[in-house]
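Below is one structure, written out as structure tokens, with a few remarks after it.
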Amino acid sequence: MRKINILKAIVDLLWIFSMPIVLLIIGFSIAIFFVDLGELNIKINSVNFNSDTLLTKTLLVISVLNYLLIITALYFFRKVLNHFIRVKIFEETVITSFKKIGNLLSVSGIISLTISMISKVYFEQKISLEFGLNQHIVIICLGLFFIILSEIFQIAKTAKQENDLTI
């Protein structure tokens, strides 16, 4: 139980530090269409947004909104940890939260992978194929893990209900 409390403290700390950043991101994404990006050197997830075209601004706004998907997944993870601390493990809220976390992380990984590929082609004018782990693949795998975890918890909930009914 102590490890869950440590994890909960770390996740809460991440949540507290991310809230001011979310407010800045929302203001930044609104103001991005009114600012000349040619003078700014913006780099998000190893992608340089240094030209001032509509595609650049669109990719930048999508990258910023992609960050909000990860923050939303962090919110649902906090909910799951609250249920775990109260020892309410097989509740429907936990199962749906795991599924939401998995979907959010999978979509976020796919979006960031797509933005990375488009920016490499558009900004650097090169196409390359790299093998190995990168952050986008890890986020997609983590999302799929949470989806599988929600299915496992659903099976365990059903087994627990059947076990409670047997004498």
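The values are calculated or read from the model by the stated rules, or taken from the named source; none is laboratory data. Computed from a prediction, not measured in an experiment: that's the story for all the values here. Positions of Cβ are backbone-derived with ideal geometry, glycine not excepted, and every protein chain shown enters the neighbour counts. Each accessible area value is taken on the protein alone, full model and side chains, heavy atoms only, with ligands, DNA and RNA left out. Shrake-Rupley method; radii C 1.70, N 1.55, O 1.52, S 1.80 Å.
So that you can scan it fast, the table gives a plain yes or no per residue for (1) hydrophobic (A, V, I, L, M, F, W, C); (2) surrounded by fewer than 18 Cβ atoms within 10 Å (Cβ to Cβ):
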position	(1), (2)
F90	yes, yes
T93	no, yes
L104	yes, no
S112	no, no
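If the condition is being of a type in the set (F, W, Y), more than 11 Å from the chain's Cα centre (by Cα) and over 20 Å from K57 (Cα atoms), then the stretch 71-130 contributes F84, F90, F98. For first residues located in the stretch 135-148 and more than 14 Å from L104 (Cβ to Cβ) and part of a helix (DSSP H, G or I), partners that are among the hydroxyl-bearing types (S, T, Y) and open to solvent by 80 Å² or more (accessible area, probe 1.4 Å) and lie 6+ apart or on another chain with Cβ distances below 9 Å form the pairs Q135/S46.
For (1) among the hydrophobic types (A, V, I, L, M, F, W, C); (2) in contact with a helix residue (DSSP H, G or I) (Cβ under 8 Å, 6 or more places away or on another chain), each residue gets a yes or a no:
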{"position": "T58", "(1), (2)": "no, no"}
{"position": "I71", "(1), (2)": "yes, yes"}
{"position": "H83", "(1), (2)": "no, yes"}
{"position": "S108", "(1), (2)": "no, yes"}
{"position": "I127", "(1), (2)": "yes, yes"}
{"position": "N163", "(1), (2)": "no, no"}
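Inside the stretch 138-167, residues that are of a type in the set (S, T, N, Q) and open to solvent by less than 50 Å² (accessible area, probe 1.4 Å) make up a count of 1. Determine whether the stretch 121-132 contains at least one residue that is touching a strand residue (DSSP E or B) at 6+ places or on another chain (Cβ under 9 Å), closer than 30 Å to T53 by Cβ and either touching a residue at least 40 places away in the same chain (Cβ under 8 Å) or open to solvent by less than 60 Å² (accessible area, probe 1.4 Å) (or both). Yes, the conditions are met somewhere in the stretch 121-132.
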